[in-house]
Amino acid sequence: MSDEKIPWPGYRSAPERLNLAAEVLDSPAARGGAPRAALVGAHGTTSYEHLRQRVNALAAGLIDLGLNRGDLVLIKMGNSPEFAMAFLAAVKLGVVPVLVNSLLSAGELRSIVEQSRPKLIFTEAARADTVRELRASGLIDQVVCRDGAGANEISFESLTAHPNRALASADTLANEPAFIVYTSGTTGTPKGIVHGHRWIVALGDLNRYRLPPQDDDVVMATGEWSFISALGHNLLFPLRNGVTGAVLSSRATPENILAAIEKFRVTVLHSVATVYRRLLAMPEFEKQHDLSTLRCAHSTGEALREATYNDWRQRVGSELYEHFGVSEYQLVIGHGVRHAVKPGSVGKLLPGVGVAILDDEFRPVQTGELGQFAISTEDPGLFLSYYKDQERTQAVVRHGWYFTGDLAYQDSDGYFFIAGRRDDCFKSRGIFISPTEIENALQKHPAIVEAAVVAEPDREIGNKIRAVVVLAQGQTRADELAQ
């Protein structure tokens, strides 16, 4: 755990009873933020007060449909104010929203529906085909659809037009299930990650500490809100902080990301390293768009690499912070305003976060030594369990630690470096190889935009090191370049 002192009273400490929806909707309104813009996007502007009224209306509609505390509802929608309303209305009632990628096929969705058995599914006409296919097979009962409800479906718009009631939030426990995020993980089989209401305080406070919000902030993430990183950074944390979230409702491309930054005057951007590399592959993009409002950008999900960081800083000028997270937590370690950035690392430990780098005997490794990255089961930001999968939960939670499956080391200055997934690493000539380190070195070459290193089995040396690269614009394949 970090030896930095706790930054303010109550930091990361949730009260015994807490409702996540009340924390992000009622608190900002009580501070006088009701008229402010909560969400901006292609839909226009949604104020905090309007969002709160629509959430109340939808919650009342869900009560009329027979939803009760503890029931599950599934949300298969793209980023939109309606997604926010569905999520928050459910949480407000103590109903548990189940978040899934909006582009899942019927087969992928079927296994999730069979496990979670939601009482109702929220969707939208543009993404409703798979839901309707499953409903025809008898797996789904009630469907609420926006922008064009079909036969025997409930119109989202009719539910939110419900007369406004001053509904009290459910008196939920802080460690009671609040929402479930479904992800395939590294095994390919879906897992439902259950998070408690306490998550909003534990992770929301980390967000406030790492990057203190500014009054004029407009925060945008390029990922879908079905992923916990985007859900937190783009929707829930901005709401809790009383600032504005910019909604990227269409599929993220370099062109529409740049257009949205310019149009909505985005100040804080969250994305993945691949997006930043694609932007940097565009000649002079920084001169063709007004990015002057951007005070910082954030990268997660994969190694950013030093070359990408340096190129962004030189061309765009704003800081580019890297952070490490997992769906079972969200942001664990990250660069921010408190410490100087060390390119290639994911930053220093944040106050109050319980993590360790352990060997195979569950003992802490020495500084600079590679080990298994683990999070304390006492940390309030950690997930509660995998839904209906105790065996899988017990496989990753051992001896008071949750093992992420990542290898890491910490240098003498306290910075953490993620060496990659444990099952991605391999041995060559008896030496333990971390693909991330080689990929980082390859990408420093001006001819290379992307690099992926994999093992190629070899009888003599165990494994050869094979690199697959994407060449920069204007570069051609040649033996000399390969050499």
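The values are calculated or read from the model by the stated rules, or taken from the named source; none is laboratory data. For clarity, every value in this text was computed on a predicted model and none was experimentally measured. In this analysis, Cβ positions are derived from the backbone assuming ideal geometry, glycine residues included, and neighbour counts consider all displayed protein chains. Please note that ligands, DNA and RNA were not included when accessible areas were found on the heavy atoms of the full protein model with its side chains. Shrake-Rupley method; radii C 1.70, N 1.55, O 1.52, S 1.80 Å.
Couple of notes before you dig in:
- Greater than 19 Å apart at Cα, pairs in K119/K388; K342/K444; K348/K444; K191/K348: K348/K444; K191/K348
- In straight-distance terms, cross-link reach from K263 covers every one of the lysines whose alpha-carbon lies under 26 Å from its own, apart from those fewer than eight places away in the same chain; here that gives K287.
- Only Cα sites of the chain enter the Debye sum here, all with the same form factor; the resulting log10 I(q)/I(0) across q = 0.07, 0.09, 0.10 1/Å is -0.38, -0.63, -0.79, listed in q order.
- For segment 286-299, backbone phi angles converted through the Karplus equation (6.51, -1.76, 1.60; θ = phi - 60°) give residue-by-residue couplings of 5, 9, 9, 9, 7, 10, 5, 7, 6, 8, 6, 10, 9, 10 Hz, Gly and Pro being listed as x.
- Per-residue [θ]222 nm for the chain (sum of -39500 (n - 2.57) over DSSP H runs n ≥ 4, rounded to 500): -7500 deg cm²/dmol
- D (Stokes-Einstein, µm²/s), Kirkwood Cα radius, segment 280-394, 1.002 mPa s at 20 °C: 128
- Histogram of C-alpha separations across segment 11-158, 5 Å bin width, %: 2, 9, 19, 21, 20, 14, 9, 5, 2, 0
- Calculated FRET efficiency, A259 to L471, Cβ-Cβ distance, R0 = 30 Å: about 0.65 to the nearest 0.05.
- Split the accessible area of segment 1-147 by element, probe 1.4 Å, and carbon with sulfur accounts for 48%.
- Per-peptide average of other Cβ atoms within 10 Å, ordering 203-214, 87-98 highest first: 87-98, 203-214
- Estimated FRET transfer efficiency (R132, A161; beta-carbon r; R0 22 Å; 0.05): 0.40
- Å² per residue, accessible surface of the chain at 1.4 Å: 43
- Under 11 Å, Cβ to Cβ, from Q410 - net charge with Lys/Arg +1 and Asp/Glu -1: -2
- For the listed peptides 402-413, 277-288, 361-372, a ranking on the average number of other beta carbons within 10 Å per residue, highest first, reads 402-413, 277-288, 361-372.
- Around A125: net Lys/Arg minus Asp/Glu count, Cβ-Cβ under 15 Å: -2
- Solvent-accessible area, 1.4 Å probe, carbon plus sulfur percent, for segment 297-420: 43
- Coupling constants for segment 196-207 follow from the phi torsions by the Karplus curve (6.51 cos²θ - 1.76 cosθ + 1.60, θ = phi - 60°), and in residue order they are x, 4, 4, 3, 5, 7, 4, 8, x, 5, 4, 4 Hz; glycine and proline get x.
- A quarter of the convex hull surface defined by the alpha-carbon atoms of segment 118-203 gives 8.4 nm² as the mean projection.
- Karplus-based coupling profile of segment 90-98, in residue order and whole Hz: 5, 4, 4, 8, x, 7, 9, x, 10, with θ = phi - 60° in 6.51 cos²θ - 1.76 cosθ + 1.60 and x standing for Gly or Pro.
- Peptide packing for 135-141, 74-80, 110-116 was compared via the average number of neighbouring C-beta atoms within 10 Å per residue; ordered from the highest value, the list is 74-80, 110-116, 135-141.
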